[in-house]
Amino acid sequence: MVTFNCANYADNPQLLMSQLFGYVKGAYTGADKDMPGLVELADEGILFLDEIHRLSPEGQEKLFFLIDKGEFKRMGETGKERRVNLRLIGATTETLEDCMLNTFLRRVSVHILLPSLAERSVKERLILVFYFLWKEAQKIKQRIHLSRDIIDILVHYKCVANIGQLESDIRLTCAKVYFNYISEKEDMIRIKFHHISSGIQQGIFVKYEGKSRVLDEIMVNPDENHFIVDGHQSFDETLERYIKQEAK
């Protein structure tokens, strides 16, 4: 799979098009040789375009021609079209009808709407919190300790920028904890209130209201106040230890 984030070149539509479709020598200033684009590199595979709504109308038109015919031209190319065989997957956080051409949308055979973090259940959010903590614990091959209050905050704070922001906030929080652990020579890696990232702190005052009764219903031991996310264990082991499993 070839992946590409269109947002990285959103301020330069010409460069964005050259990255996707390639270019020939002399296509624009600085194009001193022929260069294939990501479309050619993804031939016989998958091209994943993140933040696809950043594509200009011209870029969308070239993409739906590619979907229709399997053909395209590099920038500045005047000869016959090149052919590729690929599967195109795009992702966006925007409303499709507001940012994509209807002619392009009609050529997309499958649309999948993923619920935002705010739309997910408390149990799903708790699983995500444990998963992102577990990923950080795995990186450092250590145990991360935290209290029930911290768990409540991570699950319930108002995270305005969706799941990616939740992961980023937890990653930054764990980085602060680990820095303290190393610099202060502490005996364990333990998340405390002053470690939590600014994004989480801002969300606490909007959303967090103390111990969650909803979490009580899905935790193995609602009265437990000391949690350990162990980088040496599997994620499934972590879930089974703290979250009630549905009967099979």
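Each reported figure results from applying straightforward, stated rules to the coordinates on display, with no laboratory input. These figures come from a predicted structure and were not determined experimentally. Heads up, the Cβs are rebuilt from the backbone with ideal geometry, glycines too, and the neighbour counts pull from every protein chain shown.
Data table
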quantity	calculated
Least to most buried among MET188, MET35 (fewest other Cβ within 10 Å first)	MET188, MET35
Kirkwood Rh (inverse of mean 1/r, distinct Cα pairs), the range 151-204, angstrom	11.5 Å
Principal-axis tilt of helix 198-207 within the chain, Cα atoms, nearest 10 degrees	70 degrees
Partners for LYS73 among aspartates and glutamates (Cα-Cα distance below 19 Å; same-chain residues under 8 apart left out)	ASP32, ASP34, GLU40, ASP43, GLU44, GLU58, GLU61, GLU81
Potential lengthening between ALA118 and ASP43 on full extension [0.36 nm per residue; Cα-Cα distance subtracted]	23.3 nm
Packing-based ranking, highest mean first, of 6-17, 127-138 given that Cβ atoms within 10 Å are counted	127-138, 6-17
Tail weight of P(r) past 20 Å, computed on alpha-carbon pairs of the range 87-225, percent	54 percent
Longest to shortest principal axis, alpha-carbon extents of the range 24-78, angstrom	28, 25, 21
Rounded if a/c under 1.5, otherwise prolate or oblate - the range 1-42, Cα gyration tensor axes	oblate
Relative exposure of PHE21, PHE227, judged by other C-beta atoms within 10 Å (fewest first)	PHE227, PHE21
The range 85-169 - Rg and Dmax from Cα coordinates, angstrom	17.5, 52
Å³ per residue enclosed by the Cα convex hull of the chain	187 Å³
Overall dimensions of the range 17-134 by Cα: Rg and Dmax, Å	18.0, 56
Peptides 95-105, 142-152 ordered by average Cβ neighbours within 10 Å, highest first	142-152, 95-105
